[in-house]
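Read the structure below first, then the notes.
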Amino acid sequence: MDAESRTMSIVDSVTKSLVPVHREGWPFVAIALVATLVVGWFVDPLFWIGLFFTGWVCYFFRDPQRVTPVGDGLVISPADGVVSHVGPVRPPEELELGAEPLVRVSIFMNVFNCHVNRAPVGGKIVRVAYRAGKFLNAELDKASDDNERNGLVIDHNGTNIGVVQIAGLVARRIVCFVKEGENLSAGERFGLIRFGSRLDVYFPAGTVPKVALGQTMIAGETVLADLNQLQAPAPTLTRVS
């Protein structure tokens, strides 16, 4: 391989490894970069600190491609993060999913996770409901009731799946890209929460989650449950290694 071919190969490898920044993040990247240049002009060491911070902002708003499993009844993780709750909980009133407890899987996102949210199932959006609230630590169970949130209900072949974006201690902005009446495909981007937060997914009663507490989720890829496999709830066996 000649020098030119090696150079092109290196450039191609670097280009493919770069992750695009979501459009919601560009204003923050621009602000961080301008602040870095201005402050760095007067204090040289702060330039490098600002440059590192600008890089972190780009990293936070990254929007990688995901390979979504396709199958009738599959419910996919809507967020990157760690499972913080699995079990029956009464859904938020604004979702209008009834007063009986439904199976809920909560996914906590820290400031280092990708914060682009993806549809857990394909279908028609039959409800979008925003509710103002507090900004408690999103890891707390009561954050589902007290924190600012935005909920969606997706009709997947006659079965309603609820997904709720919940603001956290640092998160102050929930962004939702979709409206009632629109159709989504599983894994399609539907929103974003800035700087640490949580997503709750509500399944029909009797759904058996395929994930466990502490498990790491990948938005648009990890299977949370299969709606075609309804049976009596059973404990999930796990092993930490």
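Results, tabulated for the structure shown:
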{"item": "Under 12 Å, Cβ to Cβ, from residue 205 - net charge with Lys/Arg +1 and Asp/Glu -1", "result": "+1"}
{"item": "Residue 222 long-range amide H proximity, modeled H, under 5 Å", "result": "77"}
{"item": "Summed residue charge, Cβ within 10 Å of residue 156's Cβ, Lys/Arg positive, Asp/Glu negative", "result": "-1"}
{"item": "Mean Cβ neighbour count within 10 Å, used as a protection proxy, ranking 149-159, 39-49 highest first", "result": "149-159, 39-49"}
{"item": "Protection proxy ranking of 223-229, 75-81, 52-58 - average other beta-carbon atoms within 10 Å, highest first", "result": "75-81, 223-229, 52-58"}
{"item": "Cβ crowding within 10 Å averaged over residues, with 208-217, 118-127 ranked highest first", "result": "118-127, 208-217"}
{"item": "Radius 12 Å from Cβ of residue 105, net charge of other residues (Lys, Arg +1; Asp, Glu -1)", "result": "+2"}
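Readers should treat all values here as calculations from the given coordinates under stated rules, not as data from a laboratory. Predicted model, so just to flag it, every value in this text is computed and none were measured. As a convention, Cβ positions derive from the backbone with ideal geometry for all residues, glycine included, and neighbour counts pool all protein chains shown.
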